[in-house]
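Note sheet for the following structure.
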Amino acid sequence: MNQVTTFNYNNPDIGLYTRPATLGDEYSLVESFINYYCHRFVRNNKKTQLAVFVEPSIDSGFPDVVFASYLPSIMNNWSDKRETLNTFDLKLLSYLCSTENVLGAKLISTLGFPEKQTITSLEKLMDAKLVSYRDHSWRVREMRDVFSLTKLIAVEAKLNDVSKVVEQTHLNTRFASHSYALINSAHPQGETVKTFKRFGIGLYGKDSQFRRIVEAKQYTLPSSYLSFQFNEWIGKSISRQGGAINA
C-alpha cells in the first residue's frame, strides 16, 4: 500500500515521539482497525495519501491512532525553513489562521506573548513562506500552500468501560476533523449512543467486522496548532526521504 505511511516509532529528527504499544486485546483491536481503515482508504481514495500515527505524543496525551489524509502536493511549496518551527511558532500560525489581517502591535497585545519571542516567531514563519506582512498587517498565505491535510481522524479504543473513553474522544476534537471511539461491541446501549451523538463524537464497534455506529461531527481544519503539528510531521518526513524542497 504505497499510499500509506505508518508512524509507530520515535523520530526525533522530525520531533515526533510515540508511546510503546502495550500488547493485549485492546492493542489487537486497534491493530485490526488500522488494517481495516487502511484497506478501505486505498480502495476509496486515489488522489490523497494516508499517514497513520500510532500513539503519537501530543499535549493532551497519546491518542491510540490518528489517520491523516493529505494531498501529495504537500511538498510543492515546502521550505527547508519549516524544519526549525517549534510549538510556539505553530500556535502563532494557528492564531493567524483564525483571524484576518492582524496589525503587528495588536497581535502582540492580544496574545499576551513575550514581544521578542513573538517577533522572532513571525520572522521564522515569514522565512518559511507561511505568512506575509503587508500594510502593517500579518496574514497567512494561501491555505493550500500552508496546510495539506484533508482529514484528521482520531480514534480512541476501549474494551469495557465505554464511559471512560468519551472524555478523551471529545478532547481529540481540539485538533481532529473527526473524532471516534472504538469498542469491541457492535451493539452498545442506547444511552451510550445518545451520549456520543450529543457530544458530536463518533463510535465504531466490532463483532465479526467493524461497523460505524455513530457518525462523528466534522470540524474544520486546521482547528488548532496540533492540526499543524501533524501536517509538519508528514512534510518533514517526506523531505528527509528526498522529497522536493523549495529552499
Return the pairs, sorted by first residue and then second, in which the second residue is among the acidic types (Asp, Glu), the first residue lies in the stretch 153-171 and is not assigned by TED's automatic domain parsing to the domain that holds Tyr27, the beta carbons are less than 7 Å apart, and the residues are 6+ apart or on different chains.
none
Of everything in the stretch 1-43, what is over 21 Å from Pro72 (Cβ atoms), in a helix (DSSP H, G or I) and not small (Gly, Ala, Ser)? Give them in sequence order.
Pro12, Asp13, Asp25, Glu26, Tyr27, Leu29, Val30, Glu31, Phe33, Ile34, Asn35, Tyr36
Just one listed residue, out of Glu26, Glu55, is acidic (Asp, Glu) and modelled with pLDDT of 95 or more, and it is Glu55
Among the residues of the stretch 157-195 satisfying the criterion of being modelled with pLDDT of 90 or more and among the acidic types (Asp, Glu), which is farthest from Tyr225 (Cα to Cα)?
Glu191
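Say whether the condition of being outside the structural domain of Asp89 (by TED's automatic domain parsing), within 22 Å of Glu31 (Cα to Cα) and modelled with pLDDT under 95 is met by at least one residue in the stretch 238-247. Steps first, answer last, please.
Within the stretch 238-247, the first condition is being outside the structural domain of Asp89 (by TED's automatic domain parsing), and the residues that meet it are 238-247.
Next, only the ones that are within 22 Å of Glu31 (Cα to Cα) stay: none.
Looking for residues that are outside the structural domain of Asp89 (by TED's automatic domain parsing), within 22 Å of Glu31 (Cα to Cα) and modelled with pLDDT under 95, one finds none in the stretch 238-247, hence no.
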Pairs only if they're at least six apart or on different chains, beta carbon under 6 angstrom, first in the stretch 44-63 and on the phi > 0 side of the Ramachandran plot and part of a loop (DSSP other than H, G, I, E, B), second hydroxyl-bearing (Ser, Thr, Tyr) and surrounded by fewer than 20 Cβ atoms within 10 Å (Cβ to Cβ); list them, first residue then second.
Glu55/Thr18
Whichever residue in the stretch 134-156 is surrounded by fewer than 21 Cβ atoms within 10 Å (Cβ to Cβ) and touching an Asp or Glu at 6+ places or on another chain (Cβ under 9 Å) and, among such residues, is modelled with the highest pLDDT
Arg139
Would you pick out the residues in the stretch 190-216 that are loosely packed, with under 15 Cβ neighbours inside 10 Å and part of a loop (DSSP other than H, G, I, E, B)?
Asp207, Ser208, Gln209, Glu215
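The values are calculated or read from the model by the stated rules, or taken from the named source; none is laboratory data. What you see is a predicted model; the values in this text were computed from it and never measured. Cβ sites come from the backbone with ideal geometry, for glycine too, and all protein chains shown count toward neighbours.
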